[in-house]
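Right, one structure below, let's go through it.
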Amino acid sequence: MSEIPDAVDAPLDWVPALRQTRNGLVRMLSETEKALDSQDSARARAALGLLEDIDEQCQQMTERAVTTAKNGDESTEKGIWRVRIAGNAGRLAREVAGVAEIAINKIEGRVLFSDKANNELRPLFAFVRKALGDVFDGIETGNQTLLIAVISTSEKIASESNAAATEHEERLVQGLCRPKASALFLDLIYSLRGISHTLKTLVRDVPERES
């Protein structure tokens with residue numbers, strides 16, 4: 001793994017939007033998981049409704065980064081880095097929203113997962129939730145331990161999701177699973193894996209701190 005750079009010293013007016021983005025993403029994923037557990041479509045739709053505010057926060061991060069660089073308060077390079085961070089945060093928001101949409105389809109379609117499938121999903125949700133919190137905390141504080149942990153957690157998400165998907169595909173071929181339930185389960189698995197890839201990209205966009 002290549003060296004993980006330190007976080008950039010961000011202007012204070014950029015930090016509140018970063019924190020609200022973090023909190024919104026963690027809440028959206030947490031509420032989606034709770035909706036799946038309780039088969040509560042209203043809760044899943046409320047989770048999806050958080051996307052608009054998260055998108056707004058990402059837009060504010062972009063605007064503040066551009067304004068700060070344009071005014072000469074910091075380098076253009078730092079502005080570009082923060083624009084990239086905001087862009088990938090927005091991408092994460094759409095990916096987490098995609099998980100909420102799958103949850104809505106599952107619940108409103110009255111599709112049930114087996115206990116085994118549910119037990120495979122729970123640790124993946126936990127890993128993704130932790131990594132979402134850690135990546136934004138690491139960006140804000142420059143904590144190397146958190147940023148390295150995000151890479152490690154993301155790789156674990158990818159590995160475990162691949163294993164769960166392969167095993168489930170084998171059960172499907174053997175006629176042990178219903179096709180509709182299988183399709184939704186695999187959609188969730190692949191979506192959580194996609195989030196892990198974006199988390200790694202986000203970490204690698206964090207610039208070095210100037211000494």
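Nothing in this text is a laboratory measurement; each read-out follows from the coordinates by a stated rule. What you see is a predicted model; the values in this text were computed from it and never measured. Cβ: placed from backbone, ideal geometry, glycine included. Neighbour counts: every protein chain shown.
For the chain, averaging the sequence separation of C-alpha pairs within contact (under 8 Å, six or more residues apart) and dividing by the residue count gives a relative contact order of 32 percent.
Restricting the range 158-211 to GluC sites (Glu not before Pro) that sit in a DSSP loop and have at most 15 other Cβ atoms within 10 Å of their own Cβ leaves E208, E210.
Secondary-structure-derived ellipticity at 222 nm for the chain, considering helices only, amounts to -28000 deg cm²/dmol, per-run term -39500 (n - 2.57) for DSSP H runs with n ≥ 4.
Each residue of the range 107-122 is assigned a 3J(HN,Hα), and the resulting list reads 5, 6, x, 6, 9, 10, 9, 6, 4, 4, 5, 4, 5, 6, 6, 4 Hz, derived from the Karplus form 6.51 cos²θ - 1.76 cosθ + 1.60 (θ = phi - 60°), x at Gly and Pro. With neighbour counts taken as other beta-carbon atoms within 10 Å, the residues V203, V83, V150 rank, fewest first, as V83, V203, V150.
Ordering T198, T21, T166 from the fewest to the most neighbouring beta carbons within 10 Å gives T166, T198, T21.
Across the chain, the longest piece that holds none of the trypsin sites (Lys or Arg not before Pro) lying in DSSP loops with up to 14 other C-beta atoms within 10 Å covers 1-109. Coupling constants for the range 172-178 follow from the phi torsions by the Karplus curve (6.51 cos²θ - 1.76 cosθ + 1.60, θ = phi - 60°), and in residue order they are 5, 4, 7, x, 8, 10, 7 Hz; glycine and proline get x.
Couplings 3J(HN,Hα) for the range 136-153, derived from phi with the Karplus relation 6.51 cos²θ - 1.76 cosθ + 1.60 (θ = phi - 60°), are 6, 5, x, 4, 5, 9, x, 6, 5, 4, 5, 5, 5, 4, 5, 4, 4, 5 Hz, where x marks Gly and Pro.
Report the extension gain between V111 and Q59 in nm, rounded to one decimal, defined as 0.36 nm multiplied by the number of residues separating them, less their alpha carbon distance.
On the way: separation 52, 0.36 × 52 = 18.72 nm, distance 3.61 nm.
Going from the current span to full extension adds 15.1 nm.
For the residue pairs K116/K200; K180/K200; K34/K180; K78/K200; K156/K180, the alpha carbons lie more than 25 Å apart in K116/K200; K180/K200; K156/K180. Structure remark: mean-square fluctuation, Gaussian network model of the chain, C-alpha springs under 10 Å; the largest value among T153, T68, T145 belongs to T145.
Given a cut-off of 20 Å, what percent of all Cα-Cα pairs of the range 133-211 lie beyond it? Tail fraction, whole percent: 45. Computed about the Cα centre, the dipole magnitude for the chain is approximately 620 debye when only Lys and Arg (+1) and Asp and Glu (-1) carry charge, each at its Cβ. Each of D40, D13 has some number of other Cβ atoms within 10 Å of its Cβ, and from fewest to most they run D13, D40. Length, then width, then depth: along the principal axes, the Cα atoms of the chain run 63, 37, 20 Å.
Given Cβ point charges of +1 (Lys, Arg) and -1 (Asp, Glu) and nothing else, what value in debye, to the nearest 20, does the dipole of the range 100-211 about its Cα centre take? All intermediate terms of the calculation are to be shown ahead of the outcome.
Details: 14 positive and 16 negative charges, 85 e Å.
Using only the charged Cβ atoms, the result is roughly 400 debye.
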